[in-house]
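This report concerns only the one structure given below.
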Amino acid sequence: MGKAGLRKRSTISDVAALAGLSAATVSRFINKSAPISPEKAARIAAAIRELHYLPHSAAQGLARNKTHTIGLLLPMISGQFFAPLLRGVEQAATEKGYPLLVHSTQIRPQGPFKKVLAENNTDGLLVFAASLDHAELSRLHAIGFPVVLLHQSSPAGLSLPYITVDNLHGARCLVDHLIKVHGCKRILHLRGPEDHEDAHWREMGYREALQANRIPFDPELIAPGGFNTEISRHTMRAIIQRGISFDAIFAGDDESASGAMMELRQAGFRIPEAVAVVGFDDLDLASHLNPPLTTVHSPIEQVAFQAVLQLISLIEKGQAETATILPTKLVIRKSCGCQFEGGD
């Protein structure tokens, strides 16, 4: 993969060119050294907003006020997925001597977006999927502020470095195992959130495995799991009540697999005799479920550790790997019907 660097900051000449005015006029507007017409002022203000221009004094302040601190933005901190992620970030940050600030964006106050973690109190940000909107990512990119994305690729036109896992290959191997080893043909997929890239690529792996094994895709067998125990329980309850037939469940993550198993047992289904169940991520809970959960090992802690190293490289050297995709691995346990346990 190539290298991603920090974007060069816009200059007063860039603002002048976009506004169709001279640099001297823009300078008078910024420094309030002489009056200019309201029409010209509006044009300059619009150009400054579009280019995310920082006056030279502010840019110097940004460079001068180094905090030697990094920030981590997460959509939430609850749930078993985020424990190993936090361990990886904390370990790498500690080893590199950078204090860490963590903020959850799940609950936001009404009104304008408030930048709790940004250029005012950190030297760079790790941003987990769905934690910052496109507008704020664009603003940070425009001012040359270091950002590394976790479990989401860079939005078009920004070239932000990102790190994730090979969701597509992992999901395809898992569903392929259900089909080829256990003869499953009616595999229900409890997909993750609609706007989550991990969920998208895991569903694509599911679809590719069906196609490769000449099993027609049935939209009736795609249902929301939400990467959430309670959402998957609610979904499974409705599916069972509707009488939809299935012989296996591929849950988008281990937490939704856990919820599915709870609801199956409550409805009298035996696992794996009547229904095979598999998950994704290989969280700590997976090996402790009954039966132990066949899943895909996602190197969550390693992703977090590597993300910190990439961010520090961006802060200190101005460049980082454009894209890092870590491999996943099939972990065989008994919930799929196998009587042995191990990796692929």
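The values are calculated or read from the model by the stated rules, or taken from the named source; none is laboratory data. This is a predicted model, so every value here is computed, not measured. Backbone-built Cβ (ideal geometry, glycine too); neighbour counts: all protein chains shown.
Details
- Test: CYS173 is within 30 Å of PHE246 (Cα to Cα), over 19 Å from the mean Cα position of the chain (by Cα) and in a loop (DSSP other than H, G, I, E, B): no
- Checking each residue in the range 316-334 for being outside any strand (DSSP E or B) and over 18 Å from GLY88 (Cβ atoms) picks out GLU316, LYS317, GLY318, THR322, ARG333, LYS334.
- Taken as a whole, the range 253-271 holds at least one residue that is outside any helix (DSSP H, G or I), of a type outside the set (A, V, I, L, M), touching a residue at least 40 places away in the same chain (Cβ under 8 Å) and not assigned by TED's automatic domain parsing to the domain that holds GLN306.
- Reported count of residues in the range 47-77, each being aliphatic (A, V, I, L, M), within 21 Å of GLN310 (Cα to Cα) and modelled with pLDDT of 50 or more, is 5.
- Candidate set from the range 190-229 (those that are under 20 Å from the mean Cα position of the chain (by Cα) and of a type in the set (A, V, I, L, M)); member that is farthest from GLN241 (Cα to Cα): MET204
- Within the range 235-246, being touching a Gly at 6+ places or on another chain (Cβ under 8 Å) and either part of a loop (DSSP other than H, G, I, E, B) or more than 20 Å from PRO292 (Cβ to Cβ) (or both) holds for one residue alone: THR235.
- Among (1) over 24 Å from the mean Cα position of the chain (by Cα); (2) farther than 19 Å from ILE271 by Cα - the single one ILE187 does not satisfy: (2)
- Residues of the range 246-268 classified as over 24 Å from the mean Cα position of the chain (by Cα) and either polar (S, T, N, Q) or farther than 17 Å from GLU220 by Cα (or both), total: 8
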